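Asks: There's a structure below that I have some questions on.
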Amino acid sequence: MKIRFLGTGTSHGVPLLGCRCETCSSTDQRNKRYRSALFIEKDGKSLLIDTPQELRLQLLENEITWVDAVLYTHPHADHILGFDDLRSINRITGECVQCYGNEFTIKEIHRVFQYVFNPVQIGGGLPQVSLNIINEPFNISGIDIIPLPVKHGKLDILGYRVGDFAYITDCSYIPAETMELLSGVRFLVLGALRFRKHTTHMTIDEAISVIKKLKPLKAFLTHLSHDVEYNSTQENLPAGIYLAYDGLEIELEEE
């Protein structure tokens, strides 16, 4: 299985508009972050997690032209507003894109993009998608996927586990039941907004604490704000924990 980080930034993106802090003014490409999204390739199939505003640019820069399914974590703007760009995938593949999420997320996508599902006119084309509500393990073309219920403040959202790999972003709390679902995971991606406390996101230290309990082989922090400068933060992280960055590609060998 191969994963690519298409975006690793928070809802504002990095650099932050009008900011001249160390991270925002950095020339290091690892400090330039699109909104968070992930691309998974496994057994000849491809899964996209979330469709942020920069999805078109992310797909172009990573030369991605085929998406078999989209897994949605939750319906906040920075995770769904690239939804319309799925029509470019339709144009190439000629196939409907299967989209999955919890009930709240699917209803919000239907509401926000009602022109897709209740079209008044076709215009430049509409995404051809199928929205699927999921609340238990499911299978996409032979790939087993386990939804991971977590809390984003008061909001119930999803992470996902695929084999030995798990992805959780925008998370402030992981229930005990979900920690059980994460047991034995070897590769973990976890959202860690910044160092200061936040009401709806884990801090760097809180994420490290979760990682130490789960003991994955490797862990990657994502959904990073401009408070997190790549080099100075990475050099102080425990062994086996890494800051993800846009364009990072990892080959995962399962046991």
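Asks: Which members of the stretch 227-255 meet the condition of being within 24 Å of LEU60 (Cα to Cα), at pLDDT 95 or above and part of a loop (DSSP other than H, G, I, E, B)?
Replies: Of everything in the stretch 227-255, those that are within 24 Å of LEU60 (Cα to Cα), at pLDDT 95 or above and part of a loop (DSSP other than H, G, I, E, B) turn out to be ALA244, TYR245, ASP246, GLY247, LEU248.
Asks: Can you tell me which residue is surrounded by the fewest Cβ atoms within 10 Å (Cβ to Cβ) among those in the stretch 34-53 that are more than 13 Å from the chain's Cα centre (by Cα) and touching a residue at least 24 places away in the same chain (Cβ under 8 Å)?
Replies: ASP43
Asks: What tally of residues in the stretch 5-28 results from selecting those that are touching a residue at least 12 places away in the same chain (Cβ under 8 Å), surrounded by fewer than 19 Cβ atoms within 10 Å (Cβ to Cβ) and out of contact with any helix residue (DSSP H, G or I) (no Cβ under 9 Å at 6 or more places or on another chain)?
Replies: Qualifying residue count, the stretch 5-28: 3.
Asks: For the stretch 202-227: of the residues being of a type in the set (Val, Ile, Thr) and touching a strand residue (DSSP E or B) at 6+ places or on another chain (Cβ under 6 Å), which is nearest to LEU6 (Cα to Cα)?
Replies: Result: THR222.
Asks: Condition (residue is out of contact with any strand residue (DSSP E or B) (no Cβ under 6 Å at 6 or more places or on another chain), farther than 24 Å from ARG4 by Cβ and β-branched (Val, Ile, Thr)) applied to the stretch 131-152: is it met by at least one residue?
Replies: Checked against the condition, which is being out of contact with any strand residue (DSSP E or B) (no Cβ under 6 Å at 6 or more places or on another chain), farther than 24 Å from ARG4 by Cβ and β-branched (Val, Ile, Thr), the stretch 131-152 yields at least one hit.
Asks: With respect to LEU131, determine if the residue is at pLDDT below 95 and buried (at least 17 other Cβ atoms within 10 Å of the Cβ).
Replies: No; evaluated as a whole, the condition is false for this residue.
Asks: I need the full set of residues from the stretch 176-227 which are at positive phi and surrounded by 21 or more Cβ atoms within 10 Å (Cβ to Cβ), in order please.
Replies: If the condition is that a residue be at positive phi and surrounded by 21 or more Cβ atoms within 10 Å (Cβ to Cβ), then HIS223 is the only one that fits.
Asks: Looking at LEU188, is it at pLDDT 95 or above, closer than 26 Å to ASN62 by Cα, outside any loop (DSSP other than H, G, I, E, B) and in contact with a helix residue (DSSP H, G or I) (Cβ under 9 Å, 6 or more places away or on another chain)?
Replies: Answer is yes for this residue.
Asks: If we only count strands (runs of 3 or more DSSP E) wholly inside the stretch 1-113, which ones have 1 or more residues that are over 19 Å from LEU190 (Cα atoms), at pLDDT 95 or above and among the β-branched types (Val, Ile, Thr)?
Replies: Ranges flagged: 97-101.
Asks: Cβ-Cβ distance below 8 Å, separation of 6 or more or different chains: which pairs start in the stretch 158-179 with a residue that is farther than 22 Å from ASN132 by Cα and assigned to a loop (DSSP other than H, G, I, E, B) and end on one that is among the hydroxyl-bearing types (Ser, Thr, Tyr) and modelled with pLDDT of 95 or more?
Replies: SER172/THR199; SER172/THR200
Asks: List the number of the failed condition for PHE83; all other conditions in (1) more than 18 Å from the chain's Cα centre (by Cα); (2) within 18 Å of GLN53 (Cα to Cα); (3) among the aromatic types (Phe, Trp, Tyr) hold.
Replies: (1)
The values are calculated or read from the model by the stated rules, or taken from the named source; none is laboratory data. Because the structure is a prediction, the values reported are computed rather than measured. Cβ: placed from backbone, ideal geometry, glycine included. Neighbour counts: every protein chain shown.
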